[in-house]
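**Q** Structure below; questions to follow.
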Amino acid sequence: MKYYSLNNKLQKISFQEAVIHGLASDKGLYFPEEITPLAASFFDEIENLSNEEIAYQVIQQFVGNEIPELELKAIIKETLCFDFPVVSVEENIYSLELYHGPTMAFKDVGARFMSRCLGYFNKNNNKQVTVLVATSGDTGGAVASGFLGVKNLEVIILYPSGKVSDIQERQLTTLGQNITALEIDGVFDDCQDMVKKAFLDKSLSHKNLTSANSINIARWLPQMFYFFFAYKQLKSKNKSLVFSCPSGNFGNICAGIMAKKLGLPVEHFVASTNANDTVPRFLENGQYDPKPSVSTISNAMDVGNPSNFVRIQELYNNDLEMIKKDFSSYSFTDIETKSALKEIFKTNGYITEPHGAIGYLGLKKEMNSHTNSIGVFLETAHPIKFLDIVENSINLKLEMPNQIMSVMNKEKASIKLKTYDEFRNFITN
Ligand SMILES: *Cc1c(COP(=O)(O)O)cnc(C)c1O
């Protein structure tokens, strides 16, 4: 499969090159040249297929012949080593729990898939590759865990100082080995800007830099799996589906729309955001006007200029009216988020966390116009990762899962940086 840069459709490269480069040299995101819908028979028998079989069918065309069948199946097997349950919350409202992986964040899937693809491509040479990743919260931990110990890979994680939760910080600063955490004096957008700048910096071109943010196709595309797994579990209800994704960089929801392009029957998508409302404003007034990100309690979504939105526009040929037919986007405040968290627990006994609660709010708003459908919100992190907010909102002590226990008593190790020059010097040395 070939990929083109969204800034220049004539410049096409392979899956392997797109995974290794992350971003095109003209700053464009890579996009698959073709998207071929899956056979009707696949959807007819999806409930009889294992998650691994589904994932292979879904991703195969995007990898093409660049990873042989057996190797790709092995990568998928290692990627999907946990469950993706759909849990009933209230009548016709379900939570798709994506947090049962090693770092209890949905990004585990993308990070594990990408690290193993890179590992496969690197198997036969001794080139040192440096993976740069900016994180607003959960990406860092998932990437650190997914890439830990992979040969010839050096991982540098940039996170905004004081703007990630205690557990998130421990997950990305306590692993050691090939993982280094840089604590940036700034917000997430500053971290992301530094990473983007490094890729375009000629003085670093000898370093084999790549990204592990959701702009990388190997992180972005496997997120399609979730939507198929949800469909598999809800198919017998015979109702159309509305999905709501708590959205920050818009990679997850864009993967959902890709799933629809592959033939998955989805009636509508909702991108639910916190106060960082660039996309909801765009849908309302047609002006794409990104703003610097603001801090919220759903910090993994504190993104002022969502990278993947251009991919959604590409999927709809930049036609805003077409986008609006399939897709809505709503923004919620921290106060609304906390009160939803409380309310969902009080009424249904179900524990969410700020990201999932925003997904729930967006879903409920949209369901008013889909009364015969089933709504699914994606619960993207385990409540324990937002311990203080969740415990204060629902007045209950949460139990600490094993995955989290294991990082809580380790020592944090990070390096504090402020400017791009300091960052470049760090990479060079
Ligand atoms: C990354 C993240 C999101 C946002 O996902 P995008 O693909 O960036 O829109 C939502 N919730 C959590 C917990 C996350 O870590």
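The values are calculated or read from the model by the stated rules, or taken from the named source; none is laboratory data. Small disclaimer: the values here were computed from a predicted structure and weren't measured. We place every Cβ from the backbone using ideal geometry, glycine too, and count neighbours over all the protein chains shown. These area figures cover heavy atoms from the full protein model, side chains too; ligands, DNA and RNA do not enter into them. Shrake-Rupley method; radii C 1.70, N 1.55, O 1.52, S 1.80 Å.
**Q** Of the lysine pairs in segment 174-323, how many meet both conditions: Cα atoms under 27 Å apart, and a spacing of 8 or more in sequence or different chains?
**A** 12
**Q** Could I ask something else about it? May I ask you to give the solvent-accessible area per residue for the chain, in square angstrom, as obtained with a 1.4 angstrom probe?
**A** Details: 17070 Å² over 429 residues.
Ligands and nucleic acids excluded, the result is 40 Å² per residue.
**Q** Can I ask one more? How large is the convex hull of the Cα atoms of segment 197-321 per residue, expressed in Å³ as a whole number? Don't jump to the answer; show the numbers that get you there.
**A** On the way: hull volume 18.0 nm³, N = 125.
Enclosed volume per residue, from the Cα hull, is 144 Å³.
**Q** Please report the antiparallel percentage of the DSSP beta bridges confined to segment 85-187, to the nearest 5.
**A** Here the share of antiparallel DSSP bridges comes out near 25 percent.
**Q** Separate question: Can you pull a Stokes-Einstein diffusion coefficient for segment 100-178 at 37 °C (0.692 mPa s), Rh from Kirkwood over Cα pairs, as a whole number of µm²/s?
**A** Answer, rounded: 258 µm²/s.
**Q** Relative to a virtual label point 7 Å from the Cα of Ser25 in the Cα→beta-carbon direction, which members of segment 193-215 show backbone nitrogen distances below 20 Å?
**A** 195-211
**Q** Subtracting the Cα-Cα distance from 0.36 nm times the residue separation, let me have the gained length for Lys239 to Asn7 in nm, one decimal.
**A** On the way: separation 232, 0.36 × 232 = 83.52 nm, distance 3.90 nm.
Taking 0.36 nm per residue and subtracting the Cα distance, the gain is 79.6 nm.
**Q** Under a plain spin-label model, where a point goes 7 Å from the Cα along Cα-to-Cβ, how far apart in nm are Leu200 and Asp83?
**A** Using points 7 Å along Cα→Cβ, the separation is 4.6 nm.
**Q** Using a 10 angstrom cutoff on alpha carbons, build the Gaussian network for the chain and name the most mobile of Lys260, Lys416, Lys202.
**A** The residue with the greatest mean-square fluctuation here is Lys202.
**Q** Starting from the amide H of Thr210, placed 1.01 Å from N in the peptide plane, find each other amide H under 5 Å away whose residue is 5 or more places distant or on another chain.
**A** Residues meeting the amide H criterion: Thr130, Val131, Leu132.
**Q** Please list the equivalent ellipsoid semi-axes of segment 1-122, computed as the square roots of five times the alpha-carbon gyration tensor eigenvalues, in descending order and whole angstrom.
**A** On the way: eigenvalues 158, 61, 55 Å².
Sorted largest first and rounded, they come to 28, 17, 17 Å.
**Q** State the volume of the convex hull built on the alpha-carbon positions of the chain, expressed per residue in Å³ and rounded to an integer. Don't skip to the answer; put the middle values down first.
**A** Values: hull volume 57.3 nm³, N = 429.
Here the figure is 133 Å³ per residue.
**Q** Further question on the same structure: How high is the FRET efficiency between Tyr316 and Lys410 when r is their beta carbon distance and R₀ equals 35 Å, given to the nearest 0.05? The partial results should precede the final answer.
**A** Values: r = 45 Å, r/R0 = 1.29.
It comes out at approximately 0.20.
**Q** First measure r as the distance between the Cβ atoms of Lys123 and Gln57, then evaluate 1/(1 + (r/R0)^6) with R0 = 30 Å and state the FRET efficiency to the nearest 0.05. Walk me through the numbers before you get to the answer.
**A** Values: r = 25 Å, r/R0 = 0.83.
For R0 = 30 Å, the calculated efficiency reads 0.75.
**Q** Shifting gears a bit: For Lys12, list long-range residues whose amide hydrogen, built 1.01 Å from N in the peptide plane, is under 5 Å from its own amide hydrogen.
**A** So Lys12 has HN proximity to no qualifying residue.
**Q** Among 362-369, 92-99, what's the highest-first ranking by average C-beta atoms within 10 angstrom per residue? Present the calculation step by step, with values, prior to reporting the outcome.
**A** On the way: 362-369: 18.2, 92-99: 22.5.
Packing order, densest peptide first, comes out as 92-99, 362-369.
**Q** Tell me, what % of the accessible area of the chain is carbon and sulfur with a 1.4 angstrom probe? Numbers along the way, then the final one.
**A** Details: 8070 of 17070 Å².
Carbon and sulfur: 47 percent of the exposed surface of the chain.
**Q** Now for a separate question. Per-residue HN-Hα couplings for segment 192-205, Karplus 6.51 cos²θ - 1.76 cosθ + 1.60 at θ = phi - 60°, whole Hz, x for Gly and Pro?
**A** Result, ordered by residue: 5, 4, 4, 5, 4, 5, 4, 5, 9, 7, 4, 5, 10, 5 Hz.
**Q** While we're looking at this one, here's another question. Amide H of Glu379: which non-local residues (sequence gap of 5 or more, or other chain) have their own amide H closer than 5 Å, using H built in the peptide plane?
**A** Sorted by chain and number, the residues that satisfy this are Leu96, Glu97, Leu98.
**Q** How much accessible area does Glu411 have with a 1.4 Å probe, in Å² rounded to the nearest 10?
**A** Here the accessible area works out near 150 Å².
**Q** Relative to 2.2 N^0.38 Å, what does the C-alpha radius of gyration of segment 73-141 come to as a ratio? Two decimals please. Please report the intermediate quantities before stating the final value.
**A** On the way: Rg = 15.6 Å, N = 69, 2.2 N^0.38 = 11.0 Å.
Relative to the rule-of-thumb radius for its length, segment 73-141 sits at 1.42.
**Q** Here is a follow-up. Is segment 151-251 best put as rounded, prolate or oblate by its Cα gyration tensor, with a ≥ b ≥ c the root eigenvalues, rounded for a/c under 1.5, and otherwise prolate when a/b is larger than b/c, oblate when not?
**A** Taking the square roots of the gyration eigenvalues as a ≥ b ≥ c, segment 151-251 is prolate.
**Q** Need one number: % antiparallel among DSSP beta bridges in the chain, to the nearest 5. Walk me through the intermediate numbers first.
**A** On the way: 13 of 50 bridges.
Restricted to the chain, the bridges split so that about 25 percent are antiparallel.
**Q** Estimate the FRET efficiency between Lys207 and Ala40 by the formula 1/(1 + (r/R0)^6), using the beta-carbon distance for r and 30 Å for R0, to the nearest 0.05.
**A** Numbers: r = 47 Å, r/R0 = 1.57.
Calculated value: 0.05.
**Q** Now for a different question. Along its three principal axes, how long is segment 282-429 when you only count alpha carbons? Whole Å, largest extent first please.
**A** So the extents along the principal axes, rounded to whole Å, are 51, 44, 24.
**Q** Could you identify which residue out of Ala40, Ala357, Ala255 has the top mean-square fluctuation in a GNM of the chain using Cα springs shorter than 10 Å?
**A** Ala40
**Q** Mind listing the phi-derived Karplus ³J(HN,Hα) values for segment 259-264, rounded to whole Hz, using 6.51, -1.76 and 1.60 with θ = phi - 60°, and x for any glycine or proline?
**A** Karplus-based 3J(HN,Hα) across segment 259-264 equals 4, 5, 4, 7, x, 5 Hz.
**Q** Another one. Can you work out ³J(HN,Hα) from phi for every residue in segment 162-176, in order, using Karplus 6.51 cos²θ - 1.76 cosθ + 1.60 and θ = phi - 60°, giving whole Hz and x for Gly and Pro?
**A** Taking θ as phi minus 60°, the curve returns x, 10, 10, 6, 4, 5, 4, 4, 5, 5, 9, 10, 10, 7, x Hz for segment 162-176.
**Q** Another one. Out of all Cα-Cα pairs in segment 227-277, roughly what percent, to the nearest whole number, are more than 12 Å apart?
**A** Numbers: 796 of 1275 pairs.
In whole percent, the long-distance tail amounts to 62.
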